[in-house]
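Notes follow the structure.
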Number of protein chains: 4
Amino acid sequence: MKKSNHIQPTFKGIIPPMITPLLDADTLDIKGLEKLIDHILAGGVHGLFILGTTGESTSLSYKIRHELIEKTCAIVNNRVPVFVGITDTAAVESLKLAETAAKAKASAVVAAPPYYFNLGQAELIEYYQYLSERLPLPLFLYNMPSHTKIMIEPDTVEILSELKNIVGLKDSSANSVYFNKVLYKMKDRPDFSLLVGPEEIMAESVLLGGHGGVNGGANLFPSVYVNLYNSAISGNLEEVRKYHRQVMEISTKLYSVGSFGSSYLKGLKAALSIMEICSDYMASPLHSFRSTERELVERNLMEIRKNIK
Amino acid sequence: MKKSNHIQPTFKGIIPPMITPLLDADTLDIKGLEKLIDHILAGGVHGLFILGTTGESTSLSYKIRHELIEKTCAIVNNRVPVFVGITDTAAVESLKLAETAAKAKASAVVAAPPYYFNLGQAELIEYYQYLSERLPLPLFLYNMPSHTKIMIEPDTVEILSELKNIVGLKDSSANSVYFNKVLYKMKDRPDFSLLVGPEEIMAESVLLGGHGGVNGGANLFPSVYVNLYNSAISGNLEEVRKYHRQVMEISTKLYSVGSFGSSYLKGLKAALSIMEICSDYMASPLHSFRSTERELVERNLMEIRKNIK
Amino acid sequence: MKKSNHIQPTFKGIIPPMITPLLDADTLDIKGLEKLIDHILAGGVHGLFILGTTGESTSLSYKIRHELIEKTCAIVNNRVPVFVGITDTAAVESLKLAETAAKAKASAVVAAPPYYFNLGQAELIEYYQYLSERLPLPLFLYNMPSHTKIMIEPDTVEILSELKNIVGLKDSSANSVYFNKVLYKMKDRPDFSLLVGPEEIMAESVLLGGHGGVNGGANLFPSVYVNLYNSAISGNLEEVRKYHRQVMEISTKLYSVGSFGSSYLKGLKAALSIMEICSDYMASPLHSFRSTERELVERNLMEIRKNIK
Amino acid sequence: MKKSNHIQPTFKGIIPPMITPLLDADTLDIKGLEKLIDHILAGGVHGLFILGTTGESTSLSYKIRHELIEKTCAIVNNRVPVFVGITDTAAVESLKLAETAAKAKASAVVAAPPYYFNLGQAELIEYYQYLSERLPLPLFLYNMPSHTKIMIEPDTVEILSELKNIVGLKDSSANSVYFNKVLYKMKDRPDFSLLVGPEEIMAESVLLGGHGGVNGGANLFPSVYVNLYNSAISGNLEEVRKYHRQVMEISTKLYSVGSFGSSYLKGLKAALSIMEICSDYMASPLHSFRSTERELVERNLMEIRKNIK
């Protein structure tokens, strides 16, 4: 299906994967949520993605997931499109989340492959087929092999992109060869949105034709990511390098404290709590940083803020 | 904590991981469930494990999981102990399942590590600590690295075995070096139950000191597994080899049709449906065998039944 | 060690990883070698890398590896710097290869981690320390986790960059988050050369500060890669996108025929043989494409040559 | 090819994978070699395997590998069959090693899959075909996925077992489900030898039909392993459990000092050096234990020797 190059995907730009502010294992930090959303939107972002990996979606009860969808959509109040993660191992629960998202006027849903069983590409295709036929909203595929144990192969993306409701891909594989293969395969589908997860590679993906980033650091410093995206879109390489260095500083100083698989997420929540935006409580099986690590985040955050406001 | 060698674990023997009979994505096959439970219990098994990997637990809605716990306990009606899988990425949901299990008079719960985030051993210990303090029933650890991306290391098992409520380990790693290391480490804890998942290695693990098996094939031919266990316990090597060959025939002929990661599970459900015990419907993201594969299962099943009644 | 930004690494640009032309398992295709070197150098490349993964180094006898070093250096005759792969599981053999390289007036050697034992980062550091102290030539680290089972972590690169003789890194991980982390870590070492292997991500790595590419496709169409590199260096994004599309076409049409782990290498050798540059013989354990696959490469090559001369 | 059950494989029993005594990176410890061989043979073993993983084969120069073959065969002097590892990424070098082995009157050669490229099963079959047609001696397949990145699948073993010269399999996967599948598949080939690597599972594999073990601990305490094998063969379960406990004590106390991927090998060489049998020098990229770890091995060894002479 060859399309004109003037066509652009509906969804592009910086769509931060919001962390979920919690007071305890099963209670939202509503005040924190309001503050966080206002903080992120003030940075000029192009959308908001809730209930992703950064949102600890899989660690949350269903009660709280449904509640978060409703509350977020109400607070955002159509200022930007809201994307809702419905990733789950049980398709029936994914569909229920999508219904709540549709009722709350979210713009799209996002689903990574089911992450318990070891699936093949054919099973993956059937899975997304099953979902796509039953969804009340457009769907983004979410490639996250480190957590789901499966790549959505470029050929699979191509096949799925022909299905009803499937409008884009968020790739968090960190594998830019993969992303370039998908970009090339989808070159005649300018309406299909291709976003990357890791902020360290957002700039280069946009320079080569990608449509934006779902970058965790935009919880903290949303305008840095918006500036980086805009400079990449406009081809201003000097600005790109300047903002990219800021992103790399954030990544280096905040996401590798301790040596946890989830240091990124722990660092992000610690920094938001230090900035007094919201609580750093994390749902089991993760836990927020203890004092030594938190102090290190605090020191590093201070250094970062010398260069970034 | 050195204990007398006369002490035995409370839970041992053959505890089949029951498949979940389904009519469709969100409806139990109640008739099939009754038939299946009676079929399994008629084989003389020592317990029944529901909502494990074989039970497609992670593909089921919560509604259906809670319902299955209640229905199964009611049907079993104390004939054997019931073990309930509460494995989940959200600890709060695991605890709710455990409460339902306790109310329904199940005997124990079983939890694999949370399977979305990539955890370290220290985080795993905290996770089980969190669970164990809040559980109304004894807990089995469930080592399942191919699905959860993490081994419960032998040292971790030892540490966890000292916690409240933790009474055993079900190891489905297929790594017998691992199992022997755990057995040796726990040699002074004869009350701690060590079971293996894969039926192909149940006999040898029991010969070397293991306490039993959580073997999928016992859904089909429960007495074969009971006979194998009993001959291993009594040290009758000739009988062991005889029943072990039957198990290997079942494994070879039924679990490798097609080349799916889940051929085992698909073969099992197909065979139960061919035997007219229950429906072979599988919840998304898996699907039951199509006709070609089903016919192959049918032929293979016929051959198996020449040797095994 | 803070250095001026005017400093540039000695080695940068396009340094093709040459395939090894073979007549049979233990005989070089000397005529093919001459033709191939002249073909590659005519494209304006900045160096030539022999005995890498693309050169099937690990499949070759030592006799032939030493011979290839001597012959290549003689044919190149100082037109461009020659880089010699000395990757091996036995450090003593690596050192012998390095001696031959030094005698033949090669410019540098390249070593991936030993790939049999599962090493940790500390052992890796000691390994490179051992090598670096004994080498007669500058050394490039070679990150190739898919083949060696270990990442050279960014912190390890930083530590190793302080050692005698270690002058750069070739990263073939395809993980651009990794590459950006290394780039940022090494930002005050402008003399340290950072190259990427996969051609699909060469452009974007150079746009963000990388120094060049070790790209297999430059065996076939060297000037495409030189043009892509030059347009990235000069910040001409329109040209970058044009040549990047050509690279993606080469990658898509030639490297994924069949579904081998080594389809890239098989496609490359088949295309070179079809272009009558050299033999497509491959050393065991790989084998060259059979007729069906070769015909597909032939058709695809014809299409590519409509756009690329 | 159905065969009588009276047929036995030519090679069975305890065939220790000998460590390689070294004085430095490229010099054999000849005195140590003599002492070690005599020590091992005094334990009543059924063969001797050199140049395996335990023999650090891949870290050794070719000069030293050929020398070791000659010296070992001369010292053993036909007292037991000698098995020679020819595992290599370059088939031509494997064949040269096999020729030296044949000249020195070794009994068989052993080859794991080439371990650099990522092969598929079809390529693996071609590889072994290539080897088997050119070998002057019988060949054992060697399954070692943790180091070679590939399983020799049960179906592949079956196909390969029909080839000229291929007489057995050494499985070091630690995956007993795999081993039982191979055992079952090969049940009508009683002449095909099926050995396991990890000593922790040797007993159980022999109880279920395996033919013996290639167990590293037999470098230290050969008679323990011979006793364990003999008790398993004769079906004396009480003795099996007794000697198995000894093996587990050796494994627990000597192979997990430090937390290296190669703790097993480092512990083994340290213990042999403490027992004054041979040098503990290890070829790069491994290194022998430093003093803290060595002292721990020494203490643990003393404890072990209270129970085992």
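The values are calculated or read from the model by the stated rules, or taken from the named source; none is laboratory data. Small disclaimer: the values here were computed from a predicted structure and weren't measured. In this analysis, Cβ positions are derived from the backbone assuming ideal geometry, glycine residues included, and neighbour counts consider all displayed protein chains. Heavy atoms of the whole protein, side chains included, go into the accessibility calculation; ligands, DNA and RNA do not. Shrake-Rupley method; radii C 1.70, N 1.55, O 1.52, S 1.80 Å.
Summary of computed values
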| item | result |
| --- | --- |
| Enumeration of residues in region A:138-147 that are within 11 Å of chain B (Cβ to nearest Cβ) and not in a helix (DSSP H, G or I) | A:144 |
| Odd one out for residue A:150, checked against (1) open to solvent by 20 Å² or more (accessible area, probe 1.4 Å); (2) assigned to a loop (DSSP other than H, G, I, E, B) | (1) |
| Residue identified as modelled with pLDDT of 95 or more, more than 23 Å from residue B:116 (Cβ to Cβ) and of a type in the set (D, E, K, R) among A:126, A:158 | A:158 |
| Criterion: in contact with a Leu (Cβ under 6 Å, 6 or more places away or on another chain) and open to solvent by 30 Å² or more (accessible area, probe 1.4 Å) - qualifying residue of C:281, C:264 | C:281 |
| The one condition in (1) within 10 Å of another protein chain (Cβ to nearest Cβ); (2) in contact with a His (Cβ under 9 Å, 6 or more places away or on another chain) that residue A:266 fails to fulfil | (1) |
| Single unsatisfied condition, residue A:135 versus (1) open to solvent by less than 20 Å² (accessible area, probe 1.4 Å); (2) farther than 20 Å from residue A:197 by Cα; (3) within 14 Å of chain C (Cβ to nearest Cβ) | (3) |
| Flag for residue B:85 being open to solvent by less than 10 Å² (accessible area, probe 1.4 Å), free of Cβ contacts under 8 Å to residues at least 40 places away in the same chain and within 13 Å of chain A (Cβ to nearest Cβ) | no |
| Cβ-Cβ under 9 Å pairs, at least 6 apart or on other chains, region B:222-243 side at positive phi, far side assigned to a helix (DSSP H, G or I) | B:235/B:207; B:235/D:237; B:235/D:238 |
| Residue match in region D:253-265 (condition: farther than 22 Å from residue D:171 by Cα, outside any loop (DSSP other than H, G, I, E, B) and in contact with a Ser or Thr (Cβ under 6 Å, 6 or more places away or on another chain)) | no |
| Matching residues, region D:188-212, being within 8 Å of chain B (Cβ to nearest Cβ), under 19 Å from residue B:239 (Cα atoms) and under 17 Å from the mean Cα position of the chain (by Cα) | D:203, D:205 |
| Residue ID - nearest to residue B:7 (Cα to Cα), chosen from residues in region B:200-253 that are of a type in the set (Gly, Ala, Ser) and surrounded by fewer than 20 Cβ atoms within 10 Å (Cβ to Cβ) | B:209 |
| Positions within region C:292-309 being of a type in the set (Val, Ile, Thr), assigned to a helix (DSSP H, G or I) and in contact (Cβ under 8 Å) with a residue 24 or more places away in the chain, in sequence order | C:297, C:304 |
| Residue match in region B:35-55 (condition: in a loop (DSSP other than H, G, I, E, B), without any contact (Cβ under 8 Å) to a residue 40 or more places away in the chain, open to solvent by less than 30 Å² (accessible area, probe 1.4 Å) and within 14 Å of another protein chain (Cβ to nearest Cβ)) | yes |
| Residue A:23 within 14 Å of chain B (Cβ to nearest Cβ) and over 20 Å from residue B:116 (Cα atoms) | yes |
| Residue under evaluation residue D:109, criteria (1) open to solvent by 30 Å² or more (accessible area, probe 1.4 Å); (2) away from chain C (no Cβ under 12 Å); (3) outside any helix (DSSP H, G or I); (4) of a type outside the set (Gly, Ala, Ser), criterion not met | (1) |
| Residue within region A:123-133 that is touching an Asp or Glu at 6+ places or on another chain (Cβ under 9 Å), touching a residue at least 12 places away in the same chain (Cβ under 8 Å) and assigned to a helix (DSSP H, G or I) present | yes |
| Unmet requirement for residue D:185, which otherwise passes all of (1) among the charged types (D, E, K, R); (2) farther than 20 Å from residue B:248 by Cβ; (3) within 9 Å of another protein chain (Cβ to nearest Cβ); (4) open to solvent by 30 Å² or more (accessible area, probe 1.4 Å) | (2) |
| Residue satisfying all of: in region A:153-180; of a type in the set (A, V, I, L, M, F, W, C) and in a helix (DSSP H, G or I); farthest from the other protein chains (Cβ to nearest Cβ) among these | A:159 |
| Failed condition for residue A:276, given (1) open to solvent by 30 Å² or more (accessible area, probe 1.4 Å); (2) at pLDDT 95 or above; (3) within 14 Å of chain B (Cβ to nearest Cβ); (4) not in a helix (DSSP H, G or I) | (3) |
| Hits in region A:62-93 (condition: among the hydroxyl-bearing types (Ser, Thr, Tyr) and touching a strand residue (DSSP E or B) at 6+ places or on another chain (Cβ under 6 Å)) | A:72, A:87 |
| Those residues of region C:282-291 which are within 14 Å of chain D (Cβ to nearest Cβ) and either assigned to a helix (DSSP H, G or I) or in contact with a helix residue (DSSP H, G or I) (Cβ under 8 Å, 6 or more places away or on another chain) (or both), in sequence order | C:282, C:283, C:284, C:285, C:286, C:287, C:288, C:289 |
| Qualifying residue in region B:90-106 (condition: part of a loop (DSSP other than H, G, I, E, B), buried (at least 20 other Cβ atoms within 10 Å of the Cβ) and within 8 Å of chain A (Cβ to nearest Cβ)) | yes |
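Here is a yes/no grid of residues against (1) in contact with a Gly (Cβ under 9 Å, 6 or more places away or on another chain); (2) more than 18 Å from residue D:50 (Cα to Cα):
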position: D:111; (1), (2): yes, no
position: D:117; (1), (2): yes, yes
position: D:125; (1), (2): no, yes
position: D:140; (1), (2): yes, no
position: D:150; (1), (2): yes, yes
position: D:160; (1), (2): no, yes
position: D:179; (1), (2): yes, yes
